[in-house]
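One structure below.
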Amino acid sequence: MKLKEPITIDQLLAMLPMEAVVVGNRDNIVQGINEMHSVGYGDLSFVDNEKYYDRVLHSAATVILIDKETECPDGKTLLLVKDPLVAYLTVVRRYISFHPQSEMIHPSAVIGEGTVVQPGTFIGENVVIGRNCIIHSNVSIYADSVIGDNVVVNSGSVIGGDACYFQRRADGWLKFDSCGRTVIGNNVEIGCCVCIDRGVSGDTVIGDGCKFDNFVQIGHDTFIGRNCLLGSQCAIAGCTRMEDECVVWAKAVVNKDLTIARGTTVLALAGVDKSILEEGTTVLGAPAYDARKKWREMAYTKQLPEFVEEFKQLKKEVEELRKKI
């Protein structure tokens, strides 16, 4: 999330609910707020897990909330605090808020020429919808969502809902408040009961020409390239990047924070748990890997009963030969 007006380190310190020790360049200014998956130059970010210290410290972030004394990279500002996530969320909540809405379409929404919005659809604050779209009944488009031209959204779909992003605490789960957007390109068709979450801090992006069947789930901060096709009941977890021309068939799932190469085909019921970096790959199975190898394994598996019987017969013949010797 980019700030309308940048803030100084002193202004940032005044927002924090806990004491902070400043390490590094105190003259930096904060121009945006992002967690590590979407961070850019000028952003405030945080880290509270040793697994990610190096990643965040060497990211593009300018100001970092951290809970461990460490060497400050050149040009950056570290704010040493007891609980970086709570400090981070405190700042986020200064710039986002929930505004109850009494009308089905918020007065601030911008709807392009030729677009049809069917009865029963909810359109939130600051939503932008392009030209010649069809938004069917009982669709919910949350605040700050952006939809391009010639888009069809079928009944029951939810665009821009909050991310399912929580950190386990001793007393339960602490929610990462979502301050990003959902951005949908041109010529996209979205089936019934599709859910596309907004970014936690950046944008969830659906590229031009994508087609989604019913009951598809797209997680927060995920990027889907152009002309991708997603089958019914498939799910793409948060912070994944799927390049152009990919196809994901029914009930397949892709894990979080992965890269899926251009032209990849994920066959039905597959579970992708590692990045796919070779273009044009077809994968199958859970965990998913090259479909040709998987089909051969399945063919051999069908022959296992015959192999077992043959093995038993050979074992019997060997025993008989031993007795004769």
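Numbers below:
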| read-out | value |
| --- | --- |
| Every residue from segment 204-216 that is closer than 18 Å to T265 by Cα and crowded, with 18+ Cβ neighbours inside 10 Å | I206, G207, G209, C210, F212, D213, V216 |
| Residue check for Y41: surrounded by 13 or more Cβ atoms within 10 Å (Cβ to Cβ), among the aromatic types (F, W, Y) and under 28 Å from the mean Cα position of the chain (by Cα) | no |
| Counted residues, segment 229-244 - those being within 15 Å of E279 (Cβ to Cβ) and either surrounded by fewer than 19 Cβ atoms within 10 Å (Cβ to Cβ) or modelled with pLDDT under 95 (or both) | 2 |
| Checklist (1) part of a loop (DSSP other than H, G, I, E, B); (2) assigned by TED's automatic domain parsing to the domain that holds Q31; (3) surrounded by 16 or more Cβ atoms within 10 Å (Cβ to Cβ) applied to S155, failing item | (2) |
| Residue among E320, E278 that is among the acidic types (D, E), farther than 25 Å from Q233 by Cβ and not assigned by TED's automatic domain parsing to the domain that holds V247 | E320 |
| Residue check, V200 in contact with a strand residue (DSSP E or B) (Cβ under 9 Å, 6 or more places away or on another chain), in the same structural domain as M242 (by TED's automatic domain parsing) and of a type outside the set (D, E) | no |
| Single residue of segment 266-292 satisfying the filter (assigned to a strand (DSSP E or B) and either at pLDDT below 95 or out of contact with any Gly (no Cβ under 8 Å at 6 or more places or on another chain) (or both)) that is surrounded by the most Cβ atoms within 10 Å (Cβ to Cβ) | V266 |
| Criterion (farther than 30 Å from N138 by Cα and surrounded by fewer than 12 Cβ atoms within 10 Å (Cβ to Cβ)) met by exactly one of E113, E50 | E50 |
| Residues satisfying the stated conditions in segment 79-128, i.e. touching an Asp or Glu at 6+ places or on another chain (Cβ under 9 Å) and under 25 Å from N49 (Cα atoms) | L80, V81, K82, D83, P84, L85, Y88, L89, V92, R93 |
| In segment 1-31, residue surrounded by the fewest Cβ atoms within 10 Å (Cβ to Cβ) [restricted to those that are at pLDDT 95 or above and closer than 26 Å to T222 by Cα] | Q31 |
| D221 being among the acidic types (D, E), closer than 22 Å to G180 by Cα and in the same structural domain as G199 (by TED's automatic domain parsing) | yes |
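The values are calculated or read from the model by the stated rules, or taken from the named source; none is laboratory data. Predicted, not measured: the structure shown is a model, and the values here were computed from it. Neighbour counts run over all protein chains shown; Cβ positions are idealised from the backbone, glycine included.
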